[in-house]
1. Only one of these is of a type in the set (D, E), surrounded by fewer than 22 Cβ atoms within 10 Å (Cβ to Cβ) and outside any helix (DSSP H, G or I): D56, D112. Name it.
2. So V203 passes all but one of these: (1) over 24 Å from A269 (Cβ atoms); (2) assigned to a helix (DSSP H, G or I). Which condition number does it fail?
3. Go over the candidates P158, P130 one by one and state the one that is open to solvent by 60 Å² or more (accessible area, probe 1.4 Å), over 17 Å from the mean Cα position of the chain (by Cα) and of a type outside the set (K, R).
4. Which members of region 211-236 meet the condition of being touching a residue at least 40 places away in the same chain (Cβ under 8 Å), in a helix (DSSP H, G or I) and either touching a Pro at 6+ places or on another chain (Cβ under 8 Å) or within 14 Å of K187 (Cβ to Cβ) (or both)?
5. Just for region 166-186: of the residues that are closer than 30 Å to D127 by Cα and free of Cβ contacts under 8 Å to residues at least 40 places away in the same chain, which one is least open to solvent (accessible area, probe 1.4 Å)?
6. Look at L77 and say whether it is assigned to a helix (DSSP H, G or I) and either more than 27 Å from P28 (Cβ to Cβ) or open to solvent by less than 40 Å² (accessible area, probe 1.4 Å) (or both).
Amino acid sequence: MPATSPTAVPSFRSRIGCDARSGYYPAPHRYRLHLSLSCPHCLQIAVTHSLLGLDDTLPVTLLPAVPDAPGGEHRALRPLYEASSHQHPGPAVAPALSDNWTGRIVSTHTPDILRDLTRQFAGHGPDLHPRGADEAIAAVGRLCDQGITWAAQRAGQPGGDPAARDTALATLLRALDVLEWRLASRKHLLGGEITLADVQLWVTLVQLDTVHRHHLDAAAVHRVTDHPRLWAYARRLAAHPAFGSHLDLDGIARRHHAHCRGQEAAGAAVQIVDWAAYARQKAPKPVRQPG
């Protein structure tokens, strides 16, 4: 299974407000995103950025798929981290939202970055975070994190208690059943339009098929596959340029193998979605930091 993430360090969690008194306020070209598309958190942000059409407003620096410095950090981010927190004790990791005016990091907290993109930079893009949808979007996030990602990791964990693995698999299948039922009556999770809930779920399904599936047995993967509406939904979103164009399958595989501590199981041979049909043709070329 994948190794646990690097030791948690205090996140930068400033927010972009709606006026100058907040310190950070929305202004074209003031901010920059630093993303590694092999990271699921970064992939969520990249998809959201594209859905909102922010290429000309909020530039993106792409980082290597596999962190290139000790401790799981990105070497290019170290100067930003040091400028933002003198002798910062933890690794310089992505995602990061930085302020070009001060040369410091605004936030490394994915949920806050997503909310600020949708509420402060939405412009003429779709309403990805409708008013009143906070709890519904948060509930989907919890289902993705606990019901799918956490459960899939435990279900594919080698050794240990077989009963615990069976319980985890049951948790995973229940979560997929809930989503299959929900998509029976609507095009997207919260209704007819794409929201952040769809972005979160789609990235989670990409990870389930391209990473966690490799540690499940074939019978488990066939049970995961037996949710036709859910996987048709995943394919439909993958065909949307804002989603599929950010898929870096080679990068995801290299990142997984760099951190994986488990053994591959028979489920690795049972591909659910042909993501390559939608993905970018080659891995993104990292962009150097300005200056």
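The values are calculated or read from the model by the stated rules, or taken from the named source; none is laboratory data. Note that the coordinates shown come from a computational prediction; the quantities given were computed from them, not determined experimentally. Every residue, glycine as well, gets a Cβ built from its backbone with ideal geometry; the counts of neighbours run over all protein chains shown. Note: areas computed on protein heavy atoms with side chains; ligands, DNA, RNA excluded. Shrake-Rupley method; radii C 1.70, N 1.55, O 1.52, S 1.80 Å.
1. D56
2. (1)
3. On inspection, the qualifying residue turns out to be P158.
4. Answer for region 211-236, where residues must be touching a residue at least 40 places away in the same chain (Cβ under 8 Å), in a helix (DSSP H, G or I) and either touching a Pro at 6+ places or on another chain (Cβ under 8 Å) or within 14 Å of K187 (Cβ to Cβ) (or both): H215, R229, L230, Y233, R235.
5. Within region 166-186, the match that is least open to solvent (accessible area, probe 1.4 Å) is A175.
6. Judged against the criteria, L77 is a match.
Residue-by-condition table, conditions (1) over 25 Å from V66 (Cα atoms); (2) modelled with pLDDT under 95:
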| site | (1), (2) |
| --- | --- |
| A76 | no, no |
| H88 | no, yes |
| A94 | no, no |
| L97 | no, no |
| P111 | no, yes |
| A122 | yes, yes |
| G125 | yes, yes |
